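Down below is the structure, laid out as structure tokens.
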Amino acid sequence: MKFFIDTANLDQIREAQQLGILDGVTTNPSLMAKEGITGQDNIINHYKAICDIVDGDVSAEVIATDFENMVKEGEVLAALNPKIVVKIPMIADGLKALKYFSNKGIKTNCTLVFSAGQALLAAKAGATYVSPFIGRLDDISTDGLDLIEKIRVIYDNYGYETEILAASVRHPMHIINCAEIGADVMTGPLSAITALLKHPLTDLGLAQFLADHKKGNS
Ligand code: E4P
């Protein structure tokens, strides 16, 4: 399973990269705004800075909502670095843009996916990644993991190569459950990733080992 971090915060991206388990980064306009990154030039420079830190794919979202401008924006983003994945919303013009970029061999991430039907369309359009937002479904009392399961079955039925990128991951159990279901990728906050490290028995056991070592060597 690939681990992406869902942030535009460079310190957190560096920290995750240094852990040695990071496969990529996803951003969105809200995450960029949260870091105070505004204006086209600053946004472009920020994507370049992210690409300099990580080894894997970096999703950069288009702002346009019509086909022509999505293509224009996406081409500028894709030209920044081969790591860039053009992130496109699941709307009719977005579907056309996914197909356009797929035909050109440019990687895409279809975002804001909330149903199996939308995921099926994204795969048919040749998206590299499809991003079902599981946390936001949970927020409205709908089982986000159930959607991941449905998409896994559909993609396996037809051998679609689009990778299921479980997005809007909020906590470590989301990651574990997505891994059990067979999501190809998850994207979540650094806190959810580092929470996987923790177990009280690990801490207790380590403290005991160190104490016994000290006794034996004193
Ligand atoms: C996905 O690529 C989005 O950036 C993200 O996962 C949204 O998560 P949120 O629902 O926590 O905002």
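Tabulated results
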read-out	value
Residue in segment 161-177 that is among the acidic types (Asp, Glu) and within 30 Å of Lys99 (Cβ to Cβ) present	yes
Filtered residues of segment 33-64 (kept if aliphatic (A, V, I, L, M) and in contact with a Gly (Cβ under 6 Å, 6 or more places away or on another chain))	Val62
Cβ pairs under 6 Å, 6+ apart, first in segment 153-180 and closer than 19 Å to Ile5 by Cα, second among the aromatic types (Phe, Trp, Tyr)	Glu163/Tyr129; Leu165/Tyr129; Ala167/Phe133; Ser168/Phe133
Selection within segment 82-112 - in a strand (DSSP E or B), surrounded by 24 or more Cβ atoms within 10 Å (Cβ to Cβ) and touching a helix residue (DSSP H, G or I) at 6+ places or on another chain (Cβ under 8 Å)	Val86, Ile88, Thr108, Cys110
Within segment 91-117, tally of residues that are among the hydrophobic types (A, V, I, L, M, F, W, C) and touching a Ser or Thr at 6+ places or on another chain (Cβ under 7 Å)	5
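No value in this document is a laboratory result; all are computed from the given coordinates. Predicted, not measured: the structure shown is a model, and the values here were computed from it. Positions of Cβ are backbone-derived with ideal geometry, glycine not excepted, and every protein chain shown enters the neighbour counts.
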